[in-house]
1. Quick one: Kirkwood hydrodynamic radius for chain A, alpha-carbon pairs, angstrom, one decimal?
2. If we hang a label 7 Å off Cα along the beta carbon direction at residue A:203, how far is it from the matching labels on the other copies, in nm, shortest first?
3. How big is the convex hull of the Cα atoms of the stretch C:81-165, per residue, in Å³?
4. Got a sec? How would B:76, B:176 order by Cβ neighbour count within 10 Å, fewest to most?
5. So what are the radius of gyration and Dmax for the Cα set of the stretch C:35-76, in Å?
6. With the Cα gyration tensor of the protein assembly as shown giving a ≥ b ≥ c as the square roots of its eigenvalues, does the rule (a/c under 1.5 for rounded; else a/b larger than b/c for prolate; else oblate) give rounded, prolate or oblate?
7. Modelling each spin label as a point 7 Å along the Cα-to-Cβ direction, I'd like the residue A:96/residue A:10 distance in nm, to one decimal.
8. For labels at residue C:205 and residue B:204 in the simple 7 Å Cα→Cβ model, what's the distance in nm?
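Where a number appears in this text, it was derived from the coordinates with a stated rule and is not lab data. Please read all numbers here as calculations on a predicted model, not as lab measurements. Here Cβ is always computed from backbone atoms with ideal geometry, including for glycine, and neighbour counts include all displayed protein chains.
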C-alpha cells in the first residue's frame, strides 16, 4: 500500500527536506533578482518548494496537503529565506552546487510523486503526469508569481521536464512489475538526476515546431 | 442523477474528445507563436484542453478529476501537440475551421460543465458559474502560462464569456424545469455556439467602464 | 467546534459581505485601469473577493467552497462591478475610504480564515498560513490575472502580509489558550487593521535582501 515510502520514515523525511530546501533556494534567488522584499522572498521560497506537491495533493484528493501537515515542510523554506536574505551573493556564486542539489530534488520528487499518486489509486499514466507535476510544478508557480514565462516551457533553457518524465515513467514501470523498492526507486531517481545533469552540462534543448517562420514569422520575433 | 450524460456514453466521449482536441490545438498554436519547445507545446495543449474541467472538478470535489481518470482525455492533447508540431502553418491557415470547432467545444463544455456541477449538488447559480469556468477556464490558464492578460478579459477581443454564460444559464433553467435531455441540451449547446459564431463574425465586444479617461486617463494609455 | 463563527450568523454574514464588497471594488478598479471590458471587471471583482477563501477551502478540503455555496458571496462582487462600471472615477476618488475598508476586510478575513482552518483540524502553524492566504490570496490572484507581479510581493508597496500575519498569529494564540470569542477575535481583527493603516500612513516597507547589487546588479535594474 504505502509504496511511496521508499525508505525508513526518517531517511525519507531527511531527503524530502533537502529537496524542499534547495527548491526554496531557487525561488528565493529569483525573488532577490526581481527586487522583492523579504516577504516576497519567503512567498517565492515556499511556493517553489511546496507548489508541486500541493498541486499533486489537491488533484489526488490528499487534503489537507502534506505541505500543511508537516511542520518541517513549512519551516524549511523559511530557513532558505533567511539564507538567501543574508547571503544571496554567496548562494548565487555557488550556482553550480545549487543546480546539482536541484537536480537531486528533481530526481527524488518525480519518484515519490509518482508513487504517491499510485498509492491513491491513480492509473500509471496519471501517476506519471503527477510525478512530473510534483517535480516541476513548483518552478512553474515560482515563475508565474513574478510574471515570467515558466522556464520549464521555454525553448532556450536546458531540459527539465524530460528528466522528470524519465524518472516518473521508470517509477511507474517498476510499480507495475512489482519491483519498486528502496534500491530500484533510488536508481530511478538517480537516472532522472543524471539526465538532468547531462542536459545542463551539454545544454540539451528540446526542438521547436517545424517550419517556424513560414506562416507566423512576425509573431515569433515579438513572442 | 447523472444528468451530465446527455447522450450515450460513447457519443458523449466522442464529443468530449473533439472539444478537447480543438482546445488543445488553440493552446498548441499559442505555444508555437511564443516560440516554446515541444514540451511547452504539450503543456499548453494539455492545460488549455483540460484546465477548465480540472478547476471545476477541484471546486466540486470530484477528485481525482476526470482529466486524470480518462486516458483519452490525457492523450488527445498529445495528438494535437504532434499535429501542431509538424503542421502548424497548415493549422494556422485553417484558423476559421479551428474557431468553428472551438465554438462547438465552448457550447458543449458550458452545458456539460453546468450539468456536472448540478449533479454534485451545487445550486443553479454556482452551476452556471462552473459551466463558464469549464468552457472558458482552459483558455485563461493557457494565456496566464505565457504571461499574457487572458483574452477572455480583454476589451479588444470578441465575446467569449457571454456565449458560455448563455449556454450555462439555459442549461440551468432546463434542469430546474426538469426538461434537460439530449435534445434540449444539444439545443442549449447550439445556442451558445451560435452566439459565439455571431460574436466572431460581427466582432461583438463588451462595453468598457463609463467615463474612462476622466480620472485615470494616464493609467489607461499605459495599461 | 465552530469557532470560526465569532458572532451571530447574521452579523458574521454582514461583515463577510462588507469585506467581500470592498475587495471586489479593488479588483474592479484595477480592471478599469487595465482597460478591461465589463466581464473583465466582473471576473477581477469575483476573483479578488473570493480567491483567498477559495484557495483556503480547497486546501482544507471544504468543498464545495463557501464562495460557491453562499449566494450573497457570489452576487456581492457583481454589485461592486456595477458600481465600478458606472462610477469608477468617484470610487477612485474616495481611494482613502476604499483602503480603510480594505484594511477592515484584511483584519476580518485573517481572523476568520485562521479560525476556519483550525476548525478543520489543521495545526496552528498551518492555520496561520491559511489565515494569511485568506486575507491576501485574493489580491495575488487579482494581480496575476492582469500579468502583474503581485503587489503583496513587491518591495515598493506598503506592508500587507505583515498585518495579516499579526492578526492570524494572534488568533491562533487565542484559540490555543481557549480564549477566542467575539471580543478577543474582534480585537485581533482590529490589531491587524491598525497595523495595516499605520503601514499605509507611514509607508512602512519590508527590507530587501542584504548586499543587493554586489552580484546581480544588472538583473536588479531591469527586474
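1. Averaging 1/r across every pair of different Cα atoms and inverting gives 17.8 Å.
2. Once sorted, the set of distances for residue A:203 reads 4.4, 4.4 nm.
3. In the stretch C:81-165, the Cα hull volume divided by residue count equals 118 Å³.
4. B:176, B:76
5. When restricted to the Cα atoms of the stretch C:35-76, Rg and Dmax are 11.4, 36 Å.
6. Working: a/c = 1.28, a/b = 1.00, b/c = 1.28.
Rounded, because the longest to shortest axis ratio a/c is under 1.5.
7. My value for the distance between the label points is 3.4 nm.
8. 4.7 nm
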